[in-house]
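One structure is given here, and the rest of the page talks about it.
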Amino acid sequence: MSGDGGVAARLAAIEARIAGACARAGRPRSQVTLIGASKQQPAATLAEAFHAGLRIFGENRVQEALAKAPALPPEAEWHLLGPLQSNKVRQALRLFRTFHAVDRPAIAEALAREADRLDLRLTIFLEVNLGGEATKHGFAPAALPAAARAIAALDRLRLAGLMAIPPPGEDAEASRPWFRQLAALGRELAAGLGPDRFGTALSMGMSDDFEVAIEEGATHVRVGTLLFGPRAPRPAGSSGMGFARGFGFSLLQLVVGLLDLYTWVVVIRALLSWVGPDPYNPIVRLLHQLTEPLLAPLRRLVSPRRLGGLDLSPLLLILIIQFVRYGLIYAVTQPTRPF
């Protein structure tokens with residue numbers, strides 16, 4: 001990993017390398033999208049990257065992404081980089097609109113059905129197993145044309161292009177022939193299906209070889225450890241903790257949602273108190289019952305009498321809620337470290 005100095009400095013260095021690779025290839029920088037591959041990175045690190053200018057984050061697991069998302073502003077864009085299981089499609093569409101690893105027609109069909117139900121349009125890439133590796137997902141190159149034709153016919157899906165991870169090599173140059181093969185496959189499919197049914201985007205290149213990928217036509221590069229730093233290793237036995245971790249993420253989402261809802265209750269109560277509503281109105285009474293047990297102690301702490309009649313207790317309560325909210329998100333999404 002090059003240099004130190006935090007995420008902002010590493011992002012600037014990566015941007016400079018992307019610009020250099022684009023210049024060597026005679027391509028404008030605008031043709032390349034940088035995705036921060038953020039799996040197993042804490043939400044605080046993602047927030048640091050967002051504030052440094054990164055806008056697109058790529059996750060491999062749906063529940064991990066759903067747990068991190070509340071920690072980032074709504075302008076953040078989320079791409080699913082890893083393979084998707086059919087039973088996770090509905091959850092995935094709560095956050096993702098772009099999928100880089102569609103590896104079989106059944107997943108594309110499930111995405112199309114759920115997108116139709118939700119009135120959404122999705123962008124997908126077909127994953128290609130270029131090296132025929134048993135450890136990797138993806139279509140075999142020979143099976144790709146038939147699969148692409150079937151998937152291109154599905155409504156609600158925009159078939160943007162292809163994605164691949166080359167077999168391991170000694171250096172970045174070892175990936176070049178594989179990137180060229182993927183680019184050639186993409187051109188063949190675009191020519192056969194037409195540009196309105198199949199795009200020419202190429203999601204290829206990671207921390208070790210993204211510059212070579214750009215030189216060979218990559219439109220999306222997925223950079224992880226070079227940007228965020230090393231990922232925390234998964235503790236021994238973590239594979240058996242999937243249900244517990246998933247339950248933890250789901251519980252976090254529920255708690256965060258309730259805290260957000262309660263924040264709005266406090267805001268509405270504060271606004272109503274300024275306009276002097278009818279105290280016998282049932283809605284006003286309900287808001288009073290929900291908020292007064294917490295507002296009353298704060299009001300004693302920050303007495304309106306000492307502030308010229310200004311009641312700051314709602315603002316103080318909102319600040320406390322947000323502190324708890326982000327503290328929970330940070331605590332749950334921090335990678336687990338062995339003792």
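Overview of results
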| quantity | calculated |
| --- | --- |
| Inter-residue pairs, beta-carbon under 8 Å, first farther than 22 Å from W264 by Cβ and in the stretch 297-325, second modelled with pLDDT under 70, 6+ apart | P304/L310 |
| From the options A172, A101, residue that is of a type outside the set (D, E), surrounded by 14 or more Cβ atoms within 10 Å (Cβ to Cβ) and within 23 Å of the chain's Cα centre (by Cα) | A101 |
| Matching residues in the stretch 177-187 - criterion: being farther than 11 Å from G217 by Cβ and in contact (Cβ under 8 Å) with a residue 12 or more places away in the chain | W178, Q181, L185 |
| So E127, is it at pLDDT 95 or above, of a type in the set (D, E, K, R) and over 27 Å from A190 (Cβ atoms) | no |
| Residues located in the stretch 13-38, provided they are assigned to a helix (DSSP H, G or I), out of contact with any Asp or Glu (no Cβ under 7 Å at 6 or more places or on another chain) and of a type in the set (D, E, K, R) | E15, R29 |
| Cβ-Cβ under 8 Å pairs, at least 6 apart or on other chains, the stretch 83-99 side within 16 Å of I56 (Cα to Cα), far side exposed (fewer than 14 other Cβ atoms within 10 Å of the Cβ) and basic (K, R) | R97/R121 |
| Scan of the stretch 219-230 for residues that are farther than 12 Å from Q31 by Cα and not in a helix (DSSP H, G or I), ordered by number | R222, V223, G224, G229, P230 |
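The values are calculated or read from the model by the stated rules, or taken from the named source; none is laboratory data. No experiment lies behind these values; they were computed from the predicted model shown. Here Cβ is always computed from backbone atoms with ideal geometry, including for glycine, and neighbour counts include all displayed protein chains.
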